[in-house]
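First comes the structure, then the notes that go with it.
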Amino acid sequence: MLETGIIDVHHHIIPRKYVEALAKKGIGAALGMPFPQWDIETTLELMDVNGIATAIVSISAPGVYFNTLPDAAVVACDLARQVNEIAAQLVADHPNRFGAFATLPLPDTEAALKEIEYALDTLKLDGIVLLTNYDGCYLGDSKFDEVLFELNRRNAVVFIHPDTPPEFDKIKIGLPAYAFDVCFDTTRAAYSLILSGMMEKYSSIRFILAHAGGTVPYLASRVRLINLALPEIAKKMPNGLEYYLKKFYYDTALSAYPATFSCLKEVLETTQIVFGSDYVFAPAPGIPITIQGIREYKGFDKEMVGAIERGNAMRLFPRLKRE
C-alpha cells in the first residue's frame, strides 16, 4: 500500500500540548468549531481503512498568533516551535506514513525567517503552511515579501489554509466561518498573490490551495475583466491570469463534487489537483466520500485518478520516493 496508496496533503494534527496551551489563553475553537479529539492511533487506523499511504500533516487555523493577547508574538514563537517539533517527531516515528508542513510565527517576519531555517534545515520538514491572512493582511501584501523571498529561494512547497476572515463577527449570516466563508478567504489570498505580482516575482514557490481553491476557479472570468477597469493590474501578471491560476495546486478536501471538478478542469490541468481530506476537522466519514467523488467523476480517467490520489503529490514530495 505504501507504494501505491493515496497521499493526503490536507490532513491535520491537533497535539494535546497545542490545545492545552490555547486553552490557557482562553482559546478553544477553530473557525467556529471546537477542537475535535485527535490521536495517532485513530489516525493510522483511518488511513489504513481508506488506503491512505501518507498524510502530510499541518496545524489548521487558528494557528499560533492571536493579536488579542498582550504577549502575542512570544506565544506565537513558542507555539510554532512546539508544534513543529511535535510534527517532526511524528514523521521520524513513521517516516513512510507522514510528512509535515511547518507552522510560522507570522506576522513577525524575523521570527518567521528563523523558524523557516529551523523547520526546513534542522527538522527537515516537507514544506510550510501559511494561513490566508494574518491580522487582516493577505499573502500578497508587501509585509510578507521577505518570507516569500526566502521560500522562493528554497523552492518550497507552501500549503495555504484558510483562516477566519477579518471582522467575521460583523457578518450576520448565522453560520460559523467553516461553513463556507473559509473558501472566500482562500480566494482572497490566492488572488492577492496573483494581482500583487507576488506569483510572478516568486515563481519557484509551489503553492497548494485548500478546498479546490475556494472560489478561485469559478471567479476567473470576473477577475480577468479587472484588467479593463484597472489596467495597471495587468502589468503585475504579464503572462495573463490563466498562467498563474494553472501554477497553483488545488486539493480535493470537501470539494469532491462533479460541478467543482468540472470548473477546475476548465481552468487548469488535472496535473495540478492533489488529494486532500481535511481530517480531523472534517469527520472520518468524509474521507471515503471524497475518494468516491474522485473515482466516480466521469471527467477523470483511471490515469487521472491515480495522479490526483498519488502521482501529482509525489512530484511535490520526492522524499516519499526514497523512503
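Values quoted throughout were computed directly from the atomic coordinates according to the rules given, and no laboratory measurement underlies them. Here the structure is a predicted model, which means the values were calculated and not measured.
Overview of results
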{"item": "Max mean-square fluctuation residue, GNM over the chain, Cα-Cα springs under 10 Å, options Met237, Met33, Met47", "result": "Met33"}
{"item": "Residue-averaged 222 nm ellipticity for the chain, from DSSP H runs of 4+ at -39500 (n - 2.57), nearest 500", "result": "-11000 deg cm²/dmol"}
{"item": "As computed over segment 85-230, the Cα convex hull volume per residue (Å³)", "result": "136 Å³"}
{"item": "Candidates Asp251, Asp301, Asp126, ranked by Gaussian network fluctuation over the chain, Cα under 10 Å, top entry", "result": "Asp301"}
{"item": "Spatial separation of Cα centroids for segment 148-209 and segment 36-52, in angstrom", "result": "27 Å"}
{"item": "Exceeding the 32 Å Cα-Cα cut-off - candidates Lys24/Lys246; Lys235/Lys321; Lys24/Lys143; Lys24/Lys172; Lys236/Lys298; Lys17/Lys124", "result": "Lys24/Lys246; Lys235/Lys321; Lys236/Lys298"}
{"item": "Projected area averaged over orientations for segment 1-120, convex hull of C-alpha atoms, nm²", "result": "7.7 nm²"}
{"item": "Relative contact order of the chain, pairs being alpha-carbon contacts under 8 Å that are 6 or more residues apart, as %", "result": "18 percent"}
{"item": "Stokes-Einstein translational diffusion, segment 67-126 - Kirkwood Rh over all Cα pairs, 1.306 mPa s, 10 °C, in µm²/s", "result": "134 µm²/s"}
{"item": "Calculated log₁₀ intensity ratio I(q)/I(0) where the Debye formula runs over C-alpha points of the chain, q = 0.08, 0.13, 0.15 Å⁻¹", "result": "-0.33, -0.94, -1.29"}
{"item": "Segment Arg206-Lys235, length gained on full extension (0.36 nm per residue, minus Cα span)", "result": "8.2 nm"}
{"item": "Contact order normalised by residue count of segment 62-131, Cα under 8 Å, 6+ apart, percent", "result": "32 percent"}
{"item": "Under-5 Å amide H pairs with Asp8, H placed in peptide plane, nonlocal only", "result": "Thr54, Ala55, Ile56"}
